[in-house]
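Below is one structure; the comments refer to it alone.
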Amino acid sequence: MSRPNLRWKSVAMGLMLSVAAMAAHADGALRFQPLHAGEVKTLLQTPRARALIVEIWALDCSYCRENIARIAQWRRASRQPVDVVMVAMDGPEQAALLNRALAPLVRDAGIGLARVPQYANAEAMPERLRAALDPGWQGELPRTLILRADGRRHASSGLLTPQTLNAAFSD
């Protein structure tokens, strides 16, 4: 793939992430874009201009919201040039419940959740999206995918620590 072509794809992905982030309107409600398994390849495309953290969560995950806050805290402290997207394994029809679950995090301006693109599982069979996101993943939550700008990947299940995140970005 030629460098100019890669640059355009990176610009297009950045634009897509920006548009998704702007979907959180002034009413404070997050907008959950439906995500189909066939769209995951574009979302996870590497190499990219900046690293990407994909945080996968669900309403019935007791640790997921804490993990989201930990990622935000690490991001502020580390000052790594990294984008974040969130994928709820619940469907977009659950948007009201998803918003209610994330409301405390949305109100915390330090976390910046309103600027993070939000996706929701649009597959009738959730396993299709799970396999598209990470073929080795068995479904445990929270699940964090880290895609470095150089194309290297790291996946982790459970609560993250700053050390785990730092290690994923170190050479």
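Where a number appears in this text, it was derived from the coordinates with a stated rule and is not lab data. No experiment lies behind these values; they were computed from the predicted model shown. FYI the Cβ positions are ideal-geometry reconstructions off the backbone, even for glycines, and counts take in every protein chain you see.
Listed here are the residues, each with its yes/no results for (1) hydrophobic (A, V, I, L, M, F, W, C); (2) crowded, with 18+ Cβ neighbours inside 10 Å; (3) out of contact with any Cys (no Cβ under 6 Å at 6 or more places or on another chain); (4) under 17 Å from L147 (Cα atoms).
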{"position": "S78", "(1), (2), (3), (4)": "no, no, yes, yes"}
{"position": "M86", "(1), (2), (3), (4)": "yes, yes, yes, yes"}
{"position": "L98", "(1), (2), (3), (4)": "yes, yes, yes, no"}
{"position": "A124", "(1), (2), (3), (4)": "yes, no, yes, no"}
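Which of the numbered conditions does D150 fail, given that it passes all the others? Conditions: (1) of a type outside the set (A, V, I, L, M); (2) over 28 Å from A96 (Cβ atoms); (3) surrounded by 13 or more Cβ atoms within 10 Å (Cβ to Cβ).
(3)
Which members of segment 141-159 meet the condition of being hydrophobic (A, V, I, L, M, F, W, C), in a loop (DSSP other than H, G, I, E, B) and within 14 Å of the chain's Cα centre (by Cα)?
Once the filter is applied, which keeps residues that are hydrophobic (A, V, I, L, M, F, W, C), in a loop (DSSP other than H, G, I, E, B) and within 14 Å of the chain's Cα centre (by Cα), segment 141-159 yields only L141.
Any idea which residue in segment 28-42 is nearest to L105 (Cα to Cα), counting only those that are part of a helix (DSSP H, G or I) and either in contact (Cβ under 8 Å) with a residue 12 or more places away in the chain or in contact with a Gly (Cβ under 9 Å, 6 or more places away or on another chain) (or both)?
Residue satisfying both the conditions and the ranking: V40.
Counting just the residues of segment 43-70 that are in a helix (DSSP H, G or I) and not charged (D, E, K, R), which one comes out surrounded by the fewest Cβ atoms within 10 Å (Cβ to Cβ)?
Filtering segment 43-70 down to residues in a helix (DSSP H, G or I) leaves 43, 64-70.
Retained after the next criterion (residues that are not charged (D, E, K, R)): 43, 64, 67-69.
Numbers: L43: 21, C64: 23, N67: 21, I68: 22, A69: 16.
Here the residue is A69.
Identify, please: which residue in segment 78-101 is acidic (D, E) and not in a strand (DSSP E or B) and is, among those, nearest to E55 (Cα to Cα)?
D90
When the residues of segment 43-97 are filtered to those that are of a type in the set (K, R) and in contact (Cβ under 8 Å) with a residue 24 or more places away in the chain, which remaining residue is farthest from N121 (Cα to Cα)?
Residue satisfying both the conditions and the ranking: R76.
Restricting to segment 102-140, give me the number of residues that are part of a helix (DSSP H, G or I) and within 13 Å of F32 (Cα to Cα).
4
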